[in-house]
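Worksheet: the structure to be examined is printed underneath.
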Ligand SMILES: *Cc1c(COP(=O)(O)O)cnc(C)c1O
């Protein structure tokens with residue numbers, strides 16, 4: 001096995017950054033970020049004058065409340081450094097030692113920040129995907145619901161409501177991990193905002209399916225947000241002025257029609273992919289290949305000595321190095337999903353024909369097959385720039 005632990009993942013990620021730097025140093029470079037995580041930083045020159053420690057926040061606080069509430073609902077907004085930081089601050093504030101934290105989602109697994117935060121406070125953490133055998137035991141301090149998983153699997157609105165009712169019957173607060181869901185569920189699936197469905201807290205990631213910076217926004221009940229804010233400040237988890245500025249501009253810029261446009265591109269790509277591969281699945285705004293499906297497809301050509309995860313990292317690296325396409329496994333944080341996803345709502349799809357993306361998928365996959373059993377080569381592709 002090639003990528004075995006968090007340190008290996010950090011190393012593969014740093015090598016990808018070097019590759020990206022080499023690519024953008026070329027004249028007339030082309031690079032397509034199809035992660036759906038743009039990390040955009042929209043700001044104009046006048047905004048930049050406001051970026052001083054105490055001046056910026058006094059201006060931005062009002063605006064982030066206004067645009068954050070329009071996007072997420074709720075009584076109050078708290079901007080944090082990442083969705084993971086928001087989850088951590090919430091769990092530090094609301095969960096006591098030896099109590100249960102239940103997490104319901106459409107498909108395993110939940111984002112690792114939730115279980116890791118529960119470990120820190122010594123809570124009992126458990127994930128569920130089946131509403132029929134889901135019960136909330138006494139001694140539960142928090143119900144987490146993921147609106148859309150890391151692989152964009154979206155929970156039905158009916159289930160959402162049932163879960164919220166079940167928790168509220170026992171006076172247990174509900175936190176929705178709506179990292180991508182705050183846009184995916186509402187725009188593509190026509191669902192309500194999590195706070196409008198009754199959730200006490202919802203958190204979204206400002207760089208997922210919108211042109212914002214990597215950051216998190218928590219919305220919800222004022223008294224809970226105030227408690228979370230104390231923890232966020234104590235541990236330095238709150239967003240700083242430059243990020244908040246870019247969040248505000250990202251929220252102002254957000255237009256659901258861009259997400260809806262990706263649907264026709266997806267149709268076109270699915271037609272091209274046709275029956276040549278058995279591994280592609282639809283995602284709400286594109287296509288994706290999950291690790292076991294990729295493993296099976298590659299195994300058709302003979303036995304392989306890599307894990308399903310390794311093959312995801314390898315293909316993602318080949319896409320980056322040979323085709324200049326960024327997908328998540330090449331650049332992700334340790335523990336993130338290894339699914340290779342092509343998000344057609346990404347801004348860079350404006351510069352890439354669907355037909356040309358199809359050709360790049362084909363050639364990168366052929367190359368993958370040609371190197372998969374050469375372990376030295378695989379290591380150099382994953383760990384060297
Ligand atoms: C991306 C994601 C997160 C974490 O977001 P970060 O900005 O990386 O902290 C949490 N939960 C889900 C469901 C996600 O998709």
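No lab work stands behind these numbers, since they all come straight from the coordinates. Owing to the predicted nature of the structure, the values given are computational and were not obtained by experimental measurement. For neighbour counting, all protein chains shown are included, and Cβ atoms are generated from backbone atoms with ideal geometry for every residue, glycine included.
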### Query
How far apart, in nm, are two points set 7 Å out from the Cα along the Cα-to-Cβ line at residue 24 and at residue 370?
2.9
### Query
Mind checking the angle between helix 6-25 and the chain's longest principal axis? C-alpha axes, 0 to 90 degrees, to the nearest 10.
70
### Query
Once the piece of chain linking residue 170 and residue 333 is laid out straight, how much longer is it, given 0.36 nm per residue of separation minus the C-alpha distance between them?
55.1 nm
### FRET efficiency estimate (nearest 0.05) - Cβ-Cβ, residue 252 to residue 362, R0 35 angstrom
0.35
### Gyration tensor (alpha-carbon) shape descriptor, segment 236-374, a/c threshold 1.5
oblate
### Query
Of 330, 43, 89, which has the largest mean-square fluctuation in a 10 Å C-alpha GNM of the chain?
43
### Message
On the principal axes of its Cα set, how long, how wide and how thick is the chain? Give whole Å, largest value first.
### Response
57, 55, 39
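By how many nm would the segment from residue 222 to residue 299 lengthen if fully extended, with 0.36 nm per residue of separation less the alpha-carbon distance?
22.4 nm
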### Task
Determine the shape class of segment 169-260: with a ≥ b ≥ c the square roots of the Cα gyration tensor eigenvalues, call it rounded for a/c under 1.5, and otherwise prolate if a/b is greater than b/c, oblate otherwise.
oblate
### Summary
Which of 234, 26, 191 fluctuates most in a GNM of the chain (C-alpha springs under 10 Å)? That residue is 26
### Query
Spin-label point model (7 Å from Cα, Cβ direction): what's the residue 348 to residue 132 distance in nm?
4.3
### Task
Once you have a ≥ b ≥ c as the square roots of the Cα gyration tensor eigenvalues for segment 1-159, tell me rounded if a/c is under 1.5, and otherwise prolate or oblate according to whether a/b is larger than b/c.
oblate
### Whole-angstrom gap from segment 208-252 to segment 52-130, using each part's C-alpha centre
10
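For the chain, what is the relative contact order in percent, using Cα pairs closer than 8 Å and at least 6 residues apart in sequence?
25
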### Task
Give me the angle, in degrees from 0 to 90, between the Cα long axis of helix 256-273 and the longest principal axis of the Cα atoms of the chain, rounded to the nearest 10.
30
### Query
Using a basic spin-label model with each label point 7 Å from the Cα along Cα→Cβ, how many nm lie between residue 384 and residue 189?
4.4
### Query
To the nearest 10 degrees, how steep is helix 55-72 against the longest Cα principal axis of the chain, on a 0 to 90 scale?
80
### Message
I want to verify a result. In a Gaussian network model of the chain, Cα cutoff 10 Å, which of these has the top mean-square fluctuation: 350, 151, 165?
### Response
350
### Summary
Expressed in angstrom and ordered largest first, the alpha-carbon extents of segment 131-215 along the principal axes are 41, 23, 22
#### Entry: Fully extended contour minus Cα-Cα distance, from residue 322 to residue 6, at 0.36 nm per residue
111.2 nm
### Calculated FRET efficiency for the pair residue 120/residue 261, C-beta based, R₀ 30 Å, to 0.05
0.15
### Message
With n ≥ 4 as the cut-off for DSSP H runs, can you work out [θ] at 222 nm for the chain, using -39500 (n - 2.57) per run divided by the number of residues, rounded to the nearest 500?
### Response
-14500 deg cm²/dmol
